[in-house]
1. Can you name the number of the only condition in (1) surrounded by fewer than 18 Cβ atoms within 10 Å (Cβ to Cβ); (2) modelled with pLDDT of 85 or more; (3) within 20 Å of residue 426 (Cα to Cα) that residue 307 fails?
2. Can you tell me how many residues in the range 384-405 are surrounded by 17 or more Cβ atoms within 10 Å (Cβ to Cβ) and without any contact (Cβ under 8 Å) to a residue 60 or more places away in the chain?
3. Hey, any hits in the range 271-284 for a residue that's within 30 Å of residue 174 (Cα to Cα) and either in contact (Cβ under 8 Å) with a residue 12 or more places away in the chain or in the same structural domain as residue 148 (by TED's automatic domain parsing) (or both)?
4. I'd like to know if the range 412-428 contains one or more residues that are within 14 Å of residue 205 (Cα to Cα), at pLDDT 95 or above and outside any loop (DSSP other than H, G, I, E, B).
5. Please count how many residues of the range 210-227 are surrounded by fewer than 23 Cβ atoms within 10 Å (Cβ to Cβ) and within 20 Å of the chain's Cα centre (by Cα).
6. Please specify each residue of the range 241-280 satisfying the condition of being assigned to a helix (DSSP H, G or I) and surrounded by fewer than 20 Cβ atoms within 10 Å (Cβ to Cβ).
7. Among the numbered conditions (1) over 29 Å from residue 397 (Cβ atoms); (2) under 18 Å from the mean Cα position of the chain (by Cα); (3) without any contact (Cβ under 8 Å) to a residue 40 or more places away in the chain, tell me where residue 233 comes up short.
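The values are calculated or read from the model by the stated rules, or taken from the named source; none is laboratory data. Source: prediction; values computed, not measured. Cβ coordinates were reconstructed from backbone atoms using ideal geometry, including for glycine residues, and neighbour counts include every protein chain displayed.
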C-alpha cells in the first residue's frame, strides 16, 4: 500500500499550503464518501505522497522536524474539509512521536525511514474486554527466539490504510534471553503479517470512513527489535499525551469551522427569510446575522485556544525529558508545582501544556457540537433534506468528541487551580 516515493516538506508554511490544496480537493466529494461510506483509499495515498505524514520525522533522519503546532494546523485544515481524512493519520503522528521518544536508534532509522518514503502507521490500541479502557489484555509472550502477539483490538482508526500497525500489548513473563523488562510495549508490525486480521466492521454513526474497525492477532510473530517500551514516553513528563490530545482538538475545531462555512453557504444560496424580518434575503435577517455572529465567536474562540495550546505543547517538547525516573509511582502524576517561575514561565511546561490542551479540547468539543447543531437552526427546514447530508457535520462531531470525556478535563483543570495539583501522566488529558 505504500506509495513508491513521497514529496519532502521542509517548512511549516509549505505544510499549510499543501494541506490547503489537498483539503480543497478532498472537500469536493466528502459528503458523497460519507453518505455511501466510500473509503478514501485514493485520498490517503495522495496524503501520503504529499509528504505531510513525514513532517515530524527528525532532521537527523532527513525529516522537517516540524513542531506540534504545525501538525495541529495541518490536521485542522484537513478536518474543515473531511474530518474522516483528518482523523486517519492521528495515530500515525502519535506513534511516530513514540519512536522519537522511546525507540532505539535502529528502530527510528527503520520505521521513520519508511515514513519518509510515504509509509503509514495505524493504531491497534483499544480493547473492549477490560473493566476500563486503560486495561490491556493483548499479550506478548516469548516464542523460541521471537515473541508472539495475541489479542483483539477495536476502534483501530486507519488500519485499513496502513502499512504498519502499532499494537499496544503487555509483556508479563519475558525470558532471560530477550533482556526485556515486563510492562507495556508497542509492537510495530507489518499490517500484512501472518496472523493479523483487519476487519472492516466500523459502524459508527459519524466518522464513517476512518477505517476504525477490529483487528485481531493470532500468534503473530515479532522480534524483540519490533517492540518499543511505552512507559518512558507515556508515564514520564514528555508531552506525549498533550501532543496526541492536541490533534484531537484540531479535528474538533476543524469540524466546527467546516459546519459554520457550510451553514453560511446554505443561508446565502438556499434559505428563505422569515416573513417577520421584512427582508428579501435570509442573509439580511438581523436575528440571523446576530446568530451567525455568536457562532463565529464560538468557532474563533476554539481556534484561538487551539493555537495557544499548540504553543504550550511546542514549549513542552522543547524541554529535555527527565525520563522514566521522573514518574511518581505512588501518584503517577507530574511532580513539580504549577506556580510560575519569577520570569513568568510555567515551572512545569509539560503540566502546563496538558492543562492548556484540556481547556482547548473543552472549547473545541463545545464548538463542534453547537455549530453542527445550529447549522439547521440557521438554515431552516430545507437544510434537513436527507440527500443534502448536512447532518454529517453533527454526526462527525458527536462521534469524534466521544474521545476522552471533557468532564474529566474540567476536573483536572479545577484541581490544578484550587490545589496546585498537576494532571496525571496517563496521556489522555
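1. Of everything listed in (1) surrounded by fewer than 18 Cβ atoms within 10 Å (Cβ to Cβ); (2) modelled with pLDDT of 85 or more; (3) within 20 Å of residue 426 (Cα to Cα), residue 307 misses just condition (3).
2. Count: 1.
3. So far as the range 271-284 goes, no, none of its residues is within 30 Å of residue 174 (Cα to Cα) and either in contact (Cβ under 8 Å) with a residue 12 or more places away in the chain or in the same structural domain as residue 148 (by TED's automatic domain parsing) (or both).
4. no
5. 2
6. Answer for the range 241-280, where residues must be assigned to a helix (DSSP H, G or I) and surrounded by fewer than 20 Cβ atoms within 10 Å (Cβ to Cβ): 261, 264, 265, 268, 269, 275, 276, 277.
7. (3) is the only condition that residue 233 fails.
Residue-by-condition table, conditions (1) modelled with pLDDT of 95 or more; (2) within 17 Å of the chain's Cα centre (by Cα); (3) assigned by TED's automatic domain parsing to the domain that holds residue 255; (4) under 30 Å from residue 60 (Cα atoms):
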{"residue": "80", "(1), (2), (3), (4)": "yes, yes, no, no"}
{"residue": "92", "(1), (2), (3), (4)": "yes, yes, no, yes"}
{"residue": "110", "(1), (2), (3), (4)": "yes, no, no, yes"}
{"residue": "143", "(1), (2), (3), (4)": "no, no, no, no"}
{"residue": "148", "(1), (2), (3), (4)": "yes, no, no, no"}
{"residue": "156", "(1), (2), (3), (4)": "yes, yes, no, no"}
{"residue": "162", "(1), (2), (3), (4)": "yes, yes, no, yes"}
{"residue": "174", "(1), (2), (3), (4)": "no, no, no, no"}
